[in-house]
Amino acid sequence: MKVLVTGSSGHLGEALVRTLKQMHTDVVGADILPSAFTTQVGSIADRSFVKSCMAGVEKVFHTATLHKPHVATHDPQQFIDCNITGTLNLLRESAAANVKTFVFTSTTSAFGDALIPPPGSPAAWITEDVQPVPKNIYGATKTAAEDLCQLWQRNAGLNVLVLRTSRFFPEADDNPAMRNAYADSNLKANEFLYRRVDIEDVVNAHLLAAERAADIGFARYIISASTPFLPEHLEELRQHAAQVVKKLFPEYEAIYAPRGWRMLPGIDRVYVNEKARKELGWQPKYDFSYILHLLKSGAEDLRSPMARLIGSKGYHVTTR
């Protein structure tokens, strides 16, 4: 079986290529940037390039994208070219090549302003039923690409699953206030409660999606670490997150204290992965409970072996 991975020089693309090769899969890696995991260098905005990558391909993992940090460095047209036109090219050429399965990597950022409730409201409970309200060109192009995926499944019979992944990049937080207030590892550990996922778990979700796509046809899934929170926690969580966490994990303060770590004072949203666990059979390993286990064991690096292997890549150079 031959598989195409777009964005093969990026974090997730590399992780997928590594994993698929370990499974003895024939992989075509496509990216605009060369790397040891990329066999075809070119832009997915070029339909002829996309077509050249499709010979014999049965499954497509489409991870290539311009990300949220690129909003500050790239022109809106570049987002449209990569995230919309690139996805359209891949869908068209996949259908033409009789590809059996298409897995599209989207983002929880697609929810946009729906993630932040009005002041005084409880934290938002984010499931796939929440209607996205894109707040920048990144979110707008990703939701548009998701809709193209649904259209091609309906009209061309291409089995497509959309995975809205939460944060898994190792780079520092893009909010200067958060970077200044918390040690990076402290902040990422906190995020496993509600908005982070390890790349090892993301890869597993993609592989399961590829297996289940033919039975499902089309669906969207939130891919984030399993939260310990319940809907009844949302009101207190918005203003008194530390109190909620202490009720659920009485030992967390003692584990955090030697490192000088702190819990967030409030949490404004909670990503819920129940649908992915139920329908894909996904069982993410890295959650807040597991992070506490690692900390108690004396671990200094909380990342999975895959995350450590890939490391930090940064982002494309400024083009604007």
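Any read-out appearing in this document is the output of simple, stated calculations on the displayed coordinates, not a laboratory observation. None of the values given here were measured: they were computed from a predicted structure. Please note: Cβ atoms are built from the backbone with ideal geometry, for glycine as well, and neighbour counts cover all protein chains shown.
The table for this structure:
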| quantity | calculated |
| --- | --- |
| Interchain or long-range residues, amide H under 5 Å from residue 133's placed H | 112, 113, 114 |
| Cβ-based exposure ranking for 20, 91, in which fewest neighbours within 10 Å come first | 20, 91 |
| When the range 211-320 is reduced to its Cα atoms, the Kirkwood hydrodynamic radius in Å | 16.9 Å |
| Inter-label distance for residue 246 and residue 277, nm, one decimal - labels placed 7 Å from Cα along Cα-to-Cβ | 2.6 nm |
| Centroid-to-centroid separation of the range 170-235 and the range 52-113 [C-alpha atoms, Å] | 20 Å |
| Residues 44, 84 arranged by fewest to most Cβ contacts within 10 Å | 84, 44 |
| Net charge, residue 285 excluded, C-beta distance under 14 Å - Lys, Arg +1, Asp, Glu -1 | -1 |
| Helix 11-22 vs. the chain, principal-axis angle (Cα, 0 to 90°, nearest 10) | 70 degrees |
| Phi to ³J(HN,Hα) by Karplus 6.51 cos²θ - 1.76 cosθ + 1.60 over the range 180-190, Hz, x for Gly, Pro | 7, 8, 9, 4, 4, 5, 4, 5, 5, 4, 4 |
| Percent RCO, i.e. relative contact order, over the range 2-310, from Cα pairs under 8 Å lying at least 6 residues apart | 17 percent |
| Helix-only [θ]222 nm of the chain, DSSP H runs n ≥ 4, -39500 (n - 2.57) each, per residue, nearest 500 | -11000 deg cm²/dmol |
| Normalised contact order of the range 176-320, rounded percent, pairs of Cα under 8 Å and 6 or more residues apart | 35 percent |
| Unit Cα scatterers, Debye sum, the chain: log10 I(q)/I(0) for q = 0.12 Å⁻¹ | -0.81 |
| Packing rank of 155-167, 207-219, where each peptide gets the mean count of other beta carbons within 10 Å, highest leading | 155-167, 207-219 |
